[in-house]
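The values are calculated or read from the model by the stated rules, or taken from the named source; none is laboratory data. This is a predicted model, so every value here is computed, not measured. A quick note on method: Cβ atoms are made from the backbone with ideal geometry, for glycine too, and the neighbour counts reach across all protein chains shown. Areas reflect the complete protein model, heavy atoms only, side chains present, ligands, DNA and RNA absent. Shrake-Rupley method; radii C 1.70, N 1.55, O 1.52, S 1.80 Å.
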Amino acid sequence: MTTETKINDCVIIGSGPAGYTAAIYAARAGMKPIIFTGIEPGGQLMITTDVENYPGYPKGIMGPQMMDDFKIQAERFGTEIIYEVISEVDFTSEIKKLKTESGKEILSHSVIIATGASAKWLGLETETKLMNKGVSACAVCDGFFFKGQEVIVVGAGDTAAEEATYLAKLCPKVHLLVRRDEMRASKIMQDRVNKTENIEIHWDTSTIEILGESEVTGAKVVNNKTGETSIINATGFFVAIGHKPNTSIFKGILDMDDLGYLITKPDSTKTNIEGVFASGDAQDRIYRQAVTAAGTGCMAALEAERLLSEKGII
Ligand code: NDP
């Protein structure tokens, strides 16, 4: 293991809207931030198509393009971007220690967590077996491979609605499996689903198993009200049932709720440890939007700056 002796002012873990916004603010405040991008540089927006609800883009923008813009803006003010994963943290002393997956130890006066969230899976054995053989959690990444074929989407939130409408442009038929008799998705997204003729909603329907040996051929499903089982033929199976916060490395170190979201002080991004701030989807179980993530990233950088100036470090 190599330990750096330099003590940084601000290390940011994660490179979605929260991480980059924190970097823009920290860099402009002269804190020379370092971002560790994690395994998904750019975060969840890298696997989204049109972002229509981020202010400042009246015609919408592609998610990857938006993240590229965030990155360029952060770099413009001197942010250092390191394409590595932080695998361990030690917040026991005033100087925070972080270890990268390659074994390098980094020291910092402040840490901003912006590790975001990742897709959830159904937890079926057949889902693991057929992963990347027809099973996917990203229509935008993998939809193209199923052009002209029948597919299944599981979920009933905005993500499922978005994935189903996206796939409906490529596929003759999209089966949307909703486990209850209503969808959680916003009205506008539900309207889009309802207006799309080649999306068939299967209400009260859960997946028992995904079918296929080397490739997906369909799914065995059950109607949760009648108990009746049936088979839907499809070659693609897209899981869109929400996300879980990427906070496992902070377990036992930082306060988190029952779902793993980091707990911050009211009206603040301060965690239970001084000098460690949490922003974005890793601490927001309610809104989980790019714009709210950017907002809390900004708050975290301002709070880190305030702390370091109070201590006379910057
Ligand atoms: P959500 O948590 O909102 O929804 C998850 C959905 O998956 C729920 O409908 C849930 O069903 C269903 N689900 C969960 N577990 C299972 C399971 N085991 N089997 C079957 N279904 C299951 O997650 P989303 O990813 O959809 O959205 C997250 C946030 O991001 C939301 O705030 C959303 O508004 C936002 N978003 C906004 C978009 C936009 O504005 N363009 C696009 C995408 C997301 P149930 O309802 O029964 O609990």
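Just a few scattered comments:
- Flag if Glu88 is away from the ligand (no atom under 11 Å from the Cβ) and charged (D, E, K, R): yes
- Pick from the stretch 150-170, criterion touching a strand residue (DSSP E or B) at 6+ places or on another chain (Cβ under 6 Å), open to solvent by 10 Å² or more (accessible area, probe 1.4 Å) and more than 8 Å from the ligand (Cβ to nearest atom), ranking: nearest to Arg184 (Cα to Cα): Glu163
- The stretch 1-41, residues that are within 16 Å of the ligand (Cβ to nearest atom) and surrounded by 21 or more Cβ atoms within 10 Å (Cβ to Cβ): Gly16, Pro17, Ala18
- Of the strands (runs of 3 or more DSSP E) lying entirely inside the stretch 194-302, those carrying at least 3 residues that are within 30 Å of Ile152 (Cβ to Cβ) and out of contact with any Ser or Thr (no Cβ under 8 Å at 6 or more places or on another chain) are 199-202, 205-211, 229-233.
- Residue match in the stretch 241-248 (condition: more than 17 Å from Ile13 (Cβ to Cβ) and open to solvent by less than 30 Å² (accessible area, probe 1.4 Å)): yes
- From the options Lys120, Lys173, Lys133, Lys97, residue that is free of Cβ contacts under 8 Å to residues at least 12 places away in the same chain, open to solvent by 30 Å² or more (accessible area, probe 1.4 Å) and of a type in the set (Lys, Arg): Lys97
- The listed residues are Ala185, Ala114, and the only one of them that is near the ligand (Cβ under 10 Å from one of its atoms), closer than 30 Å to Ala278 by Cβ, touching a helix residue (DSSP H, G or I) at 6+ places or on another chain (Cβ under 7 Å) and modelled with pLDDT of 95 or more turns out to be Ala185.
Matching residues to (1) touching a residue at least 40 places away in the same chain (Cβ under 8 Å); (2) of a type outside the set (A, V, I, L, M, F, W, C); (3) within 13 Å of the ligand (Cβ to nearest atom):
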residue	(1), (2), (3)
Gln190	no, yes, yes
Lys195	no, yes, no
Asn233	yes, yes, no
Ile241	yes, no, yes
Lys244	yes, yes, yes
Thr247	yes, yes, no
